[in-house]
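The values are calculated or read from the model by the stated rules, or taken from the named source; none is laboratory data. Keep in mind it's a predicted model, so treat the numbers as computed, not measured. Heads up, the Cβs are rebuilt from the backbone with ideal geometry, glycines too, and the neighbour counts pull from every protein chain shown. SASA here: full protein model, heavy atoms, side chains in, ligands and nucleic acids out. Shrake-Rupley method; radii C 1.70, N 1.55, O 1.52, S 1.80 Å.
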Amino acid sequence: VSVHPNDIARRARVASLGLAAIIVTLLGAFFKTQVVQHDRYKLQSQENRLRAIPLPAPRGIIYDRNKNIIAENLPGYSVSIFPPNVDSLRAALAQLSTVITLTPDQVDQAVRRYRRDPNRPTVIISDASFDVISVLEEHRVNFPRLIIQSVPKRFYPDGPSVASFVGYTGEITDADLNSNQYEGYKPGQLIGKGGLEREYEKDLRGREGVRYDEVDARGRLVRQAGPRVDLNPEPAPPLYTNIDMDLQRYTAQIFGDSLQGGAIAIDPRDGGVLALYSAPSYDVNRFTGGIPADYWKTLLSDDRHPLVNKVTQGRYPPGSTFKLATAVTGMQNGVVSLDEHMPVPCTGGFQYGNRYFKCWDKRGHGDISLARAIEVSCDVYFYQLGLKIGLSKLLAGGVSLEMRDKSGIDLPDEKRALWPYAVDYYNKTYGPRGWSNSVTLNLAIGQGENAQTVVNMAKFYAALATDGTAPTPELVHRKPERKRIFQLTPAQMDGLRKALAGVVQSGTAQASRIQGVMLAGKTGTAQTGKRVEGVELNHAWFVGFAPADNPTIVVAVMLEFGGHGTRAAHIASAMISHYLKVTPVTAVETEG
Amino acid sequence: MLRNTVVDYPLAITALLLSLFGVAIVYSAGQTDIPTFVAPLWKSQALWLAIAVGCAWAIGSSSVRLIEWATWPAYLLTLALLAVLLVIGKGGGTAASTKSWIAIGGHRLGQPSELAKITVVLMLAKVLAERREAPKSLLELWKPALAVGIPWLLIMLQPDLGTGIVFVGVFFGMLFWSGVPWPLLLLLASPVVSLVLSFSTGLWGAWFLVLLALVLWYKPYLVEGIVLMVANVATGVIAPIIWEKLAPYQQNRLKVFLDPSADPRASGYHVIQSKIAIGSGGLFGKGFTLGTQKRSGFLPEQHTDFIFAVVGEELGFIGVTIALSLFLALMLRCTRIASRANDSFGGLAAFGLMSLWLVHIIVNVGMTLNLMPITGIPLPFFSYGGSFMLASWLAVGILLRISGEGRGRAGSLLS
């Protein structure tokens, strides 16, 4: 070791300088952090202790036209947790499941929600029962990060009666979160899942509030309301609909448990939907807070398809109700007038080429006018009318009558009606030689390649009930929209309505007459090809309006496999008389 | 009762001020919104301080010769304890899986590695002091290397990376004081530098060229030069393999050192919260015991590893400056004692003990600001813990003794 005093003194100087340099460097680093960057870290230390608890906003209340409640909010409870990481979330869930029952599905879902947004409380149970809450409150100390919140819970006072249009709410899915439509939504939030709830999600969704709790590092509450001001949730404004709950309930009641089909009532003057019902229905309140798996399975496996909206999503051959479309097309093309007769009188059938086309009444209707043909729904007359119009004009007429469009009703997932766009359709589908002109005959009486939704038929009849302009059916009262789909003289319109009134007065729907009100409408019996014990199960249609001279309500009723149209006519007339507050005349049932 | 000598009051008073400051901060560390086990620890820390000062006084009453004579037995005892630890050692605190505690009947008595730091310094001083001339080649360093290498290996087997780093730092500090030329120190350190740089091939390549130039200029023995270059290549190549062998928590600590936000809720959490605490303290701090980061429990290990963050948060930059100035004064005093020592052993021991504190201060304080990786080594006089308090004051006692026997006036602040 070099022990010369000069060497030692030199080393001591170097060491002292080095020490001073190290300490000064450290002080410089502290100066940068504590003085230069102070504001940044001060803010971070404040936010550190604050836990933002989102406060869900109540959704807008949905009212009918008379301020009856269709959808409202009841107090409910949600259970969520603020975990620092996935592992501790799993640990907390495992610990929770010793106190309350948690399904593996709920656990998986909670983990997925956490992964989506770790900075939000992870919802474990979105709609907890009071029993669960009281058990959890008892064990509160063991779960410092648990948040038990009172949250608004959707309730539909007339659950099954309104299920077909109101929809329901549910937690936003991963797919939704990824889509642009739900930008700004957070996992665990509720969104409208169908019907009005989904269609008017933007209007019904309130503005989420936030509460700042001051917590310690383990998430234990130190005091509520930290240095930041809480923001109260803002409820959404109410949504007013055109629905008449009285008529809606009545409609649900007529359908009962046994009938299967759909009915819609609209005001032809503005397109307002008065009632919309699809049978069988389901209890939409059971969907709130997560659909129970067994209930969902039951609904899915039911061969009557309760989850398919028979009014907007079911497509059925319209049968004789379509004859009015054939008549309108003929009159618009100038090939027929209301009192015009066809060359061949009805003798119960019509020979075309090598095929014999039957009339529904094998006794025959004789030599009749168009007006009478509508009343008695004579197939033979319409076969000839169709041929007279010609296939291409018949198809063009249907297209302009919007028979291959959506009605535009404000409900999600409406199906488009089916109708060939032109003759070309047949060439493309069957090849130029693969079909014959006999399709014209079928199309003219509402059979063949024609499938309409109930709502679209109601829309067409609303045009018949007024002046040839069809209103867009609207559940929520907005700006009424109308579009002209055909142009006839007032006299012609009058004549058509009289003929339709004749259907009920002396035609196929005589049994559905209403005392004091002129009811106009058309029955339809559409072949389905489905047979039970040799008897064909047909779809029963009735589309009509009342009062015939100044219509204020259009009703379309369709009964799946419901037999003859008269059954549908009964329901329609009951709905109309209920709405117009008149009693139907019980008339003698006629063969129809 | 120091014989024939004057007490080095500047050293004693500085150490005492730091210790009292430390106990006060341990007290504050226990003041949280929701009381934890930390709350009463300041009392036992104060008790340990009293015991430690007593021990320092006893050592200070002995003589340097006695200390030198006791070095061999103390060193062998230390090795024996460290070896025994590997079999019966217990984990503690945040490092529950390691074997750094000695325990009897479930009671943890202490961490022998803290005391080992002192004995290794003394042993190194003894070995280095035996030489007449400063080592001129690496081969001449085999004895000091062995003296520090054996306990280092035993400690790395616990494993205790922090203490391992301390040994390396002390080794280099004492070689410097013994007069080893700086190019030799650099060559000695080169395998470690290679290890660090091996993660980037380009950097490592550049370093290798610099090293080559250094070897050609300094001209060590041929064998030595070749061994050095081979060692550099070896560490550069095996580093990634060692990385694979590291425990995940060790890997994490290094990774988080490079980027704390990589894992903000787990390993990076400590560093982020510590920086927030210090930064939010500002110039004057939030006031003694009033640090919100600490009170709400966001600051981890606030009474041990991250105790300096409490100083930063509650006493601000002013408090930090006072604390670091006291440390600087202490270490400058040590350097002065080392230069005044009347023999090589005393000087080397004094400088070694100073190096010991220096490494602790740099690593611990640097860690709170993310300037250093988290290695979990305590801050002298501040961090809660009896063994280290005792070790620090034993060092003070030895330094007092060396100072007392040294040349010139002990009382003067500047030489």
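The table below lists the values:
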{"item": "Averaged over A:47-55, number of beta-carbon atoms from partner chains that fall within 10 Å", "result": "2"}
{"item": "Convex hull volume per residue in cubic angstrom - Cα atoms of region A:227-356", "result": "280"}
{"item": "Region B:318-392 and region A:375-398: distance between their alpha carbon centers, rounded to Å", "result": "105"}
{"item": "Portion, in percent, of the accessible area of chain A that falls on carbon or sulfur, probe 1.4 Å", "result": "52"}
{"item": "Gain upon complete extension [B:TRP243, B:VAL87; 0.36 nm per residue less C-alpha separation]", "result": "53.6 nm"}
{"item": "Separation in nanometres of the label points that stand 7 Å from Cα toward Cβ, at A:THR298 and A:SER392", "result": "5.7"}
{"item": "Solvent exposure ordering (accessible area, 1.4 Å, most first) of A:SER400, B:SER19", "result": "A:SER400, B:SER19"}
{"item": "Percent breakdown of C-alpha pair distances by 10 Å bin, ordered from the shortest bin, for region B:1-84", "result": "15, 29, 29, 21, 5, 0"}
{"item": "Heavy-atom accessible surface that A and B bury in contact, both chains counted, 1.4 Å, Å² to 100", "result": "3800"}
{"item": "Ellipsoid semi-axes in whole angstrom, largest first, where each is sqrt(5λ) of the Cα gyration tensor of chain A", "result": "69, 26, 21"}
{"item": "Contact order relative to length of chain B, as percent, for alpha carbon pairs under 8 angstrom and 6 or more apart", "result": "27"}
{"item": "Trypsin sites (Lys or Arg not before Pro) within region A:499-565, DSSP loop, no more than 12 other Cβ atoms inside 10 Å", "result": "A:LYS530"}
{"item": "Equivalent-ellipsoid semi-axes of the protein assembly as shown, from the Cα gyration tensor, Å, largest first", "result": "97, 29, 22"}
{"item": "Region A:254-282 versus region A:44-78: alpha-carbon centroid distance in Å", "result": "31"}
{"item": "Residue mean of other protein chain beta carbons inside 10 Å, B:133-144", "result": "1"}
{"item": "Sequence ranges B:27-36, A:37-46, ranked by mean other-Cβ count within 10 angstrom, highest first", "result": "B:27-36, A:37-46"}
{"item": "Chain A: angle of helix A:454-465 to the longest principal axis, Cα-based, in degrees nearest 10", "result": "50"}
{"item": "Sum of side-chain charges, A:PRO280 neighbourhood, beta-carbon under 9 Å (Lys, Arg +1; Asp, Glu -1)", "result": "-1"}
{"item": "Among A:331-339, B:382-390, the order from most to least packed when residues are scored by Cβ within 10 Å on average", "result": "B:382-390, A:331-339"}
{"item": "Region A:78-181: chymotrypsin sites (Phe, Trp or Tyr not before Pro) falling in loop per DSSP and having at most 14 other Cβ within 10 Å", "result": "none"}
{"item": "Value of D in µm² per second that Stokes-Einstein yields for region A:137-213, Kirkwood Rh from Cα pairs, at 10 °C (1.306 mPa s)", "result": "107"}
{"item": "Taking chain A and dividing mean pair separation by its residue count, relative contact order in percent (alpha carbons under 8 Å, at least six apart)", "result": "13"}
{"item": "Exceeding the 19 Å Cα-Cα cut-off - candidates A:LYS323/A:LYS393; A:LYS459/A:LYS530; A:LYS406/A:LYS522", "result": "A:LYS459/A:LYS530; A:LYS406/A:LYS522"}
{"item": "Column: log10 I(q)/I(0), Debye, Cα scatterers of region A:168-288, q = 0.23 Å⁻¹", "result": "-1.28"}
{"item": "Exercise: per-residue mean of other protein chain Cβ atoms within 10 Å, B:171-180", "result": "3"}
{"item": "Computed magnitude of the charge dipole of the protein assembly as shown (debye, nearest 20; Cβ of K, R +1, Cβ of D, E -1)", "result": "2780"}
{"item": "Region A:460-516-region A:154-226 distance, computed between alpha-carbon centres (Å)", "result": "42"}
{"item": "Dipole axis of the protein assembly as shown (+1 Lys, Arg; -1 Asp, Glu on Cβ), positive-most option in A:HIS477, A:ALA501, A:TYR426", "result": "A:HIS477"}
{"item": "Surface accessible to a 1.4 Å probe, A:SER577 within the full protein complex, Å²", "result": "10"}
{"item": "Relative compactness, region A:361-433, computed as alpha-carbon Rg over 2.2 N^0.38 Å", "result": "1.44"}
{"item": "For region A:313-433, size of Cβ-based charge dipole, Lys and Arg +1, Asp and Glu -1, in debye", "result": "500"}
{"item": "Farthest positive-ward along the protein assembly as shown dipole, Cα basis, beta-carbon charges - from B:THR78, B:VAL396, A:PHE82", "result": "B:VAL396"}
{"item": "Most to least accessible of B:MET372, B:MET174 (protein chains only, probe 1.4 Å)", "result": "B:MET372, B:MET174"}
{"item": "P(r) histogram, all alpha-carbon pairs of chain B included - 20 Å bins from 0, percent", "result": "25, 57, 17, 0"}
{"item": "List B:THR235, B:THR71, ordered by accessible area with a 1.4 Å probe, largest first", "result": "B:THR235, B:THR71"}
{"item": "Cα Rg, Dmax (largest Cα-Cα span) when computed across region A:104-166, Å", "result": "15.3, 45"}
{"item": "If the convex hull is drawn through the Cα atoms of region B:100-201, its volume per residue in Å³", "result": "108"}
{"item": "Cut-off 15 Å (backbone N to label point 7 Å along Cα→Cβ of A:ASP424), residues of region A:430-459", "result": "A:430-432"}
{"item": "Average accessible surface area per residue within the protein assembly as shown, 1.4 Å rolling probe, Å²", "result": "42"}
{"item": "Amide H within-cut-off set for A:PHE350, under 5 Å, with H built and near neighbours excluded", "result": "A:PHE357, A:LYS358, A:CYS359"}
{"item": "Radius of gyration and maximum dimension Dmax of region B:145-210, Cα, Å", "result": "13.6, 36"}
{"item": "Region A:123-211, relative contact order [Cα under 8 Å, separation at least 6], %", "result": "23"}
{"item": "Cα gyration tensor, region A:455-538 - rounded (a/c under 1.5), prolate or oblate", "result": "oblate"}
{"item": "Carbon plus sulfur fraction of accessible area for region B:241-385, probe 1.4 Å, in percent", "result": "66"}
{"item": "Among A:THR298, A:LEU441, A:VAL454 the positive-end extreme of the charge dipole of the protein assembly as shown (Cβ point charges)", "result": "A:THR298"}
